Amino acid sequence: MITLQINGEKHQIDVSPEMPLLWAIRDIIGLTGTKYGCGIGVCGSCKVLLNNSPVQSCMIPVSVAEGQNITTIEGESKNLQLLQESWGELNVPQCGFCQPGQLIAATALLDKNDNPTDDEIDEAMIGNICRCGTYQRIKKAIHRTVELKKQN
Amino acid sequence: MKPIKNVSRRSFVKSIGLASGGLILACNTSVFSDKEKTPENLINFNPNLFVQINSDGSVVLIASRSEMGNGVRTSLPSVIADEMEADWSKIKVQQAVGDKKYGDQNTDGSRSIRYLYEPMRKMGAIAKAMLISAAAQKWQVPEVECSAENHFIIHTSGKKIGFGDLVEIAKTLEIPSDESLTYKNPKNFKYIGKHLKGVDVKAYANGSAIFGLDKRLPHMKFVAIARCPVTFGKVKSFDKSAALKVSGVEDVIEIPRIEKPFGALGGVAVIATNTWAAFKGKEALKIEWDFGENQQYDSEKYMNQITQNVHKEGKVGKNQGNINNAFKNAHKTIESTFQLPHLAHAPMEVPNAVAWVQGDTCEVWAPTQAPQSTRKEITDYLETTEDKVTINVTFLGGGFGRKSKPDYIVEAVIASKALNAPVQVVWTREDDIKHGYYHTTSAQYMKASLDKNGKVTGWLHRFALPSIVSTFQPGVGYAAGFEISSAANVPFEIDNLKVEIGQAPAHVRIGWLRSVINIPHGFSINVFADELAYAANKDPLEFRLNLIGKNRIEDTQDPIKYDTARLKNVLKIAAKNAEWGKELPEGHAYGLAVHYSFYSYVASVVEVSMKNNKVKVHNVYTAIDCGTAVNKNTITSQMEGAAIFGMSLAYYGKITAKNGAIEQNNYNDYKMIRMNEIPKVHVEIVDSSEKPTGVGEPGVPVIAPAIINAIYKLTGKRCYNLPLADYDLV
């Protein structure tokens, strides 16, 4: 048995230790907000926070994730909720499929950097593909979140 | 509003009282004369349900089209809500299942709003009229003294009553006749023409939106399928022993090929308790294939072959004036050849479907653009009747035309029936890249003549590309009429014009990808016209406006008129917003393109720089005239997205085949534009009261040629082929 701590809850699962975290989250635990996009760690749709660092969950075996704090799009973190609000306010998503991964990447960025520049946003978000092309609004929504935090 | 055609006057609408105390309005919606529609679709009218008002005042509106980022779950209901004066905050949108009673549900061709704008207004107008009648009856006053406003019916005396409180009376009333309906003056629209936020944005942002891939049923099996690397190859034999040893794998079965345009490709399916086990099991399969005749397909050799085919005379698609005389008498002639590769749709959500066959009934949950053709395919496969087959349309994680073809859903039905269990078929990303319905590859040859004043006197456009029709009629070796029109309808005032089609048989499944034939034709026409401007020593903007010429309606033999004044207008707006002609930073240049597709007019001016021989796009100024703008938020985001989609194909888009097998695998070698590469996209929507036209696709075709034209301006080097990665420029 492997114990995963996801969004503050412990889940005991009986899977092969090399099963990628993505599939444990989606198929075994049943949190489907984390998405499969490529399976080779190049699109970012499956991003989750592992001890507050963004990782591509399709590349992380559950054995490595065991005992660590995992945050998915369904979870809570101050920056995640603020970003979600900006996503809504600026109507960022089109099809919406990649957005959980985008939001996790943006959360990780703001967790480490209070006031990222455009270049720093590019660097943090370069691993996330959006086929609909919502990048411009993603960038604006990150800036808006920073502005809101400053005002408060 | 003009009368709607082809609708049976008798029982156009009927009301159905619901046990729940709701009022439902039913009507017909397949109402447009459109030459793309077959007569069969036009006459198959069935009752449709779009509005439900509940006694608590809540209103349910049906979205009959699929949501894939196109915004239809917001735009279509907003039209009904506006016309009936409903309060948008009290609206719940419900996704329609696949059923002919909703009229045409095919969500492609950029036509959801074009087809449904007037019918949705009518749905709203009927609801409003009945609520007014109900209030007048309750108050015993004439109807003319009552009006609807923001979820209330208001009497001239000032008294008012909420929609919900009128349900009991309204549901007993007769449906008003078409002639009695009144429509809002567009200047009183509250939602139409505004920036309305998407109804699903919150669910997308918190991960609760259920895409096909997220559907779960109790005891559902996960299925991955190995398909032949060569299109239409067959399984000769397979060894499943290693696959069965993978933890979580329960079974391995063969999936038959269904020889239909949207049939399953066939292959070997691994049944497992989770997706990962199914994927691992699939990798462990040992399969011997009979590759079949398409194994000879080599896309590089094929490009040489179709290029030869456009360097000789082809079948005539259009012939006006005398092109030979024009070339003979020319001051100067210019000729160029263009080569474009296959493309894959690669939506972020791979093809997938959940199916549960129980006896002669079947229920499906799938991300599909075409729930009705899905229903038909499944009904045929199960040899049952349509009433036994339910197609639930989930959110689509992108579609771009791929999810118009339900082959992946048929696979799930085959597997569920064979296993007698609910299943989810999931394609790997590699499956998606290697087994698609590819955007056509093309060779195009263009030749034009100029007189001594730089006026274009002759225009020859010859192209060869495997046709979409080949998917439906195997063996078809030439482009079809709808694949010729975007070349034949080139909106230039040229006396001598000829379009010819060269031979190009298909060796993979050819499908429609966002913008379809407008990608190759929009590319060659815009690049070549730019080339002619330089040959004539003219500014590309001035030259293009002159080439389009005087204001006129082009003879496209289409009910929707192609107005060259609107075409020039979008070009002028894009140029004005870019301040065309201003001095740009050192090493920057503008390029432009303008194209008419899906009955909309789009122009883009792009600002490009080159650094270390690599292209950077800084700004895209897009102007669109799509007639009446229904949701400006959606239109703007579609134009922003189209710029990125167009850049992805311009930079990286290339699918190749060797020995019949697709060589690309995943997003690592079939690349997409990423955050660090994006320009700022500036969008202007032309104010118009014309009928609404396409939005989802028309923004794409202009992007690649505008970039090529800017690169030429900067470097003097003309790129005739795509992608730019082949020139090492990105």
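Test each condition in (1) within 23 Å of B:CYS146 (Cα to Cα); (2) open to solvent by less than 60 Å² (accessible area, probe 1.4 Å); (3) modelled with pLDDT under 50 for B:ASN54 and report the one that comes out false.
(3)
Can you tell me which residue among B:GLY653, B:GLY641 is surrounded by 19 or more Cβ atoms within 10 Å (Cβ to Cβ) and more than 8 Å from every other protein chain (Cβ to nearest Cβ)?
B:GLY653
Determine which member of the set B:GLY716, B:GLY699 is in the same structural domain as B:ILE525 (by TED's automatic domain parsing) and without any contact (Cβ under 8 Å) to a residue 24 or more places away in the chain.
Every option except B:GLY716 fails the conditions.
Being more than 30 Å from B:THR107 (Cα to Cα) and within 9 Å of chain B (Cβ to nearest Cβ) is the filter here; which residues of the stretch A:83-126 pass it?
Correct list: A:LEU83, A:ASP119, A:ILE121, A:ASP122, A:GLU123, A:ALA124, A:MET125, A:ILE126.
With respect to B:ALA148, determine if the residue is touching a helix residue (DSSP H, G or I) at 6+ places or on another chain (Cβ under 7 Å), assigned to a helix (DSSP H, G or I) and either charged (D, E, K, R) or surrounded by 15 or more Cβ atoms within 10 Å (Cβ to Cβ) (or both).
no
Look at A:THR134 and say whether it is out of contact with any Gly (no Cβ under 6 Å at 6 or more places or on another chain) and at the interface with another protein chain (Cβ under 7 Å from one of its Cβ atoms).
The answer is yes for A:THR134.
Under 30 Å from B:GLY266 (Cα atoms), open to solvent by 20 Å² or more (accessible area, probe 1.4 Å) and in a loop (DSSP other than H, G, I, E, B) - does that describe any residue in the stretch B:421-432?
No, the stretch B:421-432 contains no residue that is under 30 Å from B:GLY266 (Cα atoms), open to solvent by 20 Å² or more (accessible area, probe 1.4 Å) and in a loop (DSSP other than H, G, I, E, B).
List, please: which pairs have Cβ atoms under 7 Å, are six or more places apart or on different chains, and start with a residue in the stretch B:459-481 that is assigned to a helix (DSSP H, G or I) and end with one that is of a type in the set (Ser, Thr, Tyr)?
B:THR471/B:TYR437
Would you point out the residue of the stretch B:178-188, among those that are open to solvent by less than 60 Å² (accessible area, probe 1.4 Å) and out of contact with any Asp or Glu (no Cβ under 9 Å at 6 or more places or on another chain), that is modelled with the lowest pLDDT?
Taking the candidates together, the pick is B:ASP178.
B:GLY660 fails exactly one of the following numbered conditions: (1) at the interface with chain A (Cβ under 8 Å from one of its Cβ atoms); (2) surrounded by 21 or more Cβ atoms within 10 Å (Cβ to Cβ); (3) of a type outside the set (S, T, N, Q). What is the number of that condition?
(1)
Got at least one residue in the stretch B:392-410 being away from chain A (no Cβ under 14 Å), in a strand (DSSP E or B) and more than 30 Å from B:GLY641 (Cα to Cα)?
No, the stretch B:392-410 has no match at all.
Under 7 Å by Cβ, and 6 or more places apart or on different chains, what pairs join a residue from the stretch A:35-54 that is within 12 Å of chain B (Cβ to nearest Cβ) with one that is open to solvent by less than 10 Å² (accessible area, probe 1.4 Å) and modelled with pLDDT under 95?
Pairs that qualify, where the first residue is within 12 Å of chain B (Cβ to nearest Cβ) and the partner is open to solvent by less than 10 Å² (accessible area, probe 1.4 Å) and modelled with pLDDT under 95: there are none.
Among the residues of the stretch B:208-248 satisfying the criterion of being among the aliphatic types (A, V, I, L, M), within 12 Å of chain A (Cβ to nearest Cβ) and buried (at least 24 other Cβ atoms within 10 Å of the Cβ), which is farthest from B:ASP298 (Cα to Cα)?
Ranking the qualifying residues of the stretch B:208-248, first place goes to B:ALA209.
Suppose we filter the stretch B:504-516 for residues that are over 12 Å from B:LEU343 (Cα atoms) and open to solvent by 10 Å² or more (accessible area, probe 1.4 Å); how many remain?
So the answer is 3.
Would you be able to say whether some residue in the stretch B:616-631 is more than 30 Å from B:VAL79 (Cβ to Cβ), among the aliphatic types (A, V, I, L, M) and surrounded by fewer than 24 Cβ atoms within 10 Å (Cβ to Cβ)?
There is no residue in the stretch B:616-631 that is more than 30 Å from B:VAL79 (Cβ to Cβ), among the aliphatic types (A, V, I, L, M) and surrounded by fewer than 24 Cβ atoms within 10 Å (Cβ to Cβ).
Quick one: would you say B:VAL608 is over 30 Å from B:GLN295 (Cα atoms), away from chain A (no Cβ under 14 Å), open to solvent by less than 10 Å² (accessible area, probe 1.4 Å) and assigned to a strand (DSSP E or B)?
Answer is yes for this residue.
Would you check if B:LYS572 is assigned by TED's automatic domain parsing to the domain that holds B:GLU554, over 24 Å from the mean Cα position of the chain (by Cα), part of a strand (DSSP E or B) and among the basic types (Lys, Arg)?
no
Step by step: first the residues of the stretch B:197-207, then only those that are over 17 Å from B:ASN633 (Cα atoms) and at the interface with chain A (Cβ under 7 Å from one of its Cβ atoms), then the one that is surrounded by the fewest Cβ atoms within 10 Å (Cβ to Cβ). Which residue is that?
Applying the filter and picking the extreme gives B:ASN206.
Looking at A:CYS98, A:CYS46, which is the one that is under 30 Å from B:GLU697 (Cβ atoms) and in contact with a Leu (Cβ under 6 Å, 6 or more places away or on another chain)?
Exactly one of A:CYS98, A:CYS46 is under 30 Å from B:GLU697 (Cβ atoms) and in contact with a Leu (Cβ under 6 Å, 6 or more places away or on another chain), namely A:CYS46.
Any chance you could count how many residues in the stretch B:151-170 are open to solvent by 60 Å² or more (accessible area, probe 1.4 Å) and either closer than 30 Å to B:MET348 by Cα or outside any helix (DSSP H, G or I) (or both)?
5
Just the residues that are touching a helix residue (DSSP H, G or I) at 6+ places or on another chain (Cβ under 7 Å), surrounded by 17 or more Cβ atoms within 10 Å (Cβ to Cβ) and of a type in the set (Val, Ile, Thr), please, taken from the stretch A:1-46.
Answer for the stretch A:1-46, where residues must be touching a helix residue (DSSP H, G or I) at 6+ places or on another chain (Cβ under 7 Å), surrounded by 17 or more Cβ atoms within 10 Å (Cβ to Cβ) and of a type in the set (Val, Ile, Thr): A:ILE2, A:ILE6, A:VAL15, A:THR32, A:THR34.
Looking at (1) among the polar types (S, T, N, Q); (2) within 12 Å of chain B (Cβ to nearest Cβ); (3) without any contact (Cβ under 8 Å) to a residue 24 or more places away in the chain, which is the only condition A:THR72 fails?
That leaves (3) as the condition not met.
Can you tell me which of (1) touching a strand residue (DSSP E or B) at 6+ places or on another chain (Cβ under 9 Å); (2) open to solvent by 10 Å² or more (accessible area, probe 1.4 Å) is the one B:THR385 doesn't meet?
Failed condition: (1).
Does any residue of the stretch B:331-339 turn out to be out of contact with any strand residue (DSSP E or B) (no Cβ under 8 Å at 6 or more places or on another chain) and within 27 Å of B:GLY653 (Cβ to Cβ)?
No.
Rundown of residues vs (1) farther than 25 Å from B:ALA575 by Cβ; (2) assigned to a helix (DSSP H, G or I); (3) in contact with a strand residue (DSSP E or B) (Cβ under 7 Å, 6 or more places away or on another chain); (4) among the acidic types (Asp, Glu), yes/no style:
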| position | (1), (2), (3), (4) |
| --- | --- |
| B:VAL620 | no, no, yes, no |
| B:THR628 | no, no, no, no |
| B:GLN638 | no, yes, no, no |
| B:GLY641 | no, yes, no, no |
| B:ILE644 | no, yes, no, no |
| B:ALA650 | no, yes, no, no |
| B:ASP669 | yes, no, no, yes |
| B:HIS682 | no, no, yes, no |
| B:GLU690 | no, no, no, yes |
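Here are some residues: B:ASP558, B:ASP539. Which one is at pLDDT below 95, over 19 Å from B:LEU340 (Cα atoms) and of a type in the set (Asp, Glu)?
None of the others qualify; the one that does is B:ASP558.
The values are calculated or read from the model by the stated rules, or taken from the named source; none is laboratory data. Since the structure is predicted, the reported quantities are computational estimates derived from the model, not experimental observations. Here Cβ is always computed from backbone atoms with ideal geometry, including for glycine, and neighbour counts include all displayed protein chains. Side chains included, ligands, DNA and RNA excluded: accessible areas come from the protein's heavy atoms. Shrake-Rupley method; radii C 1.70, N 1.55, O 1.52, S 1.80 Å.
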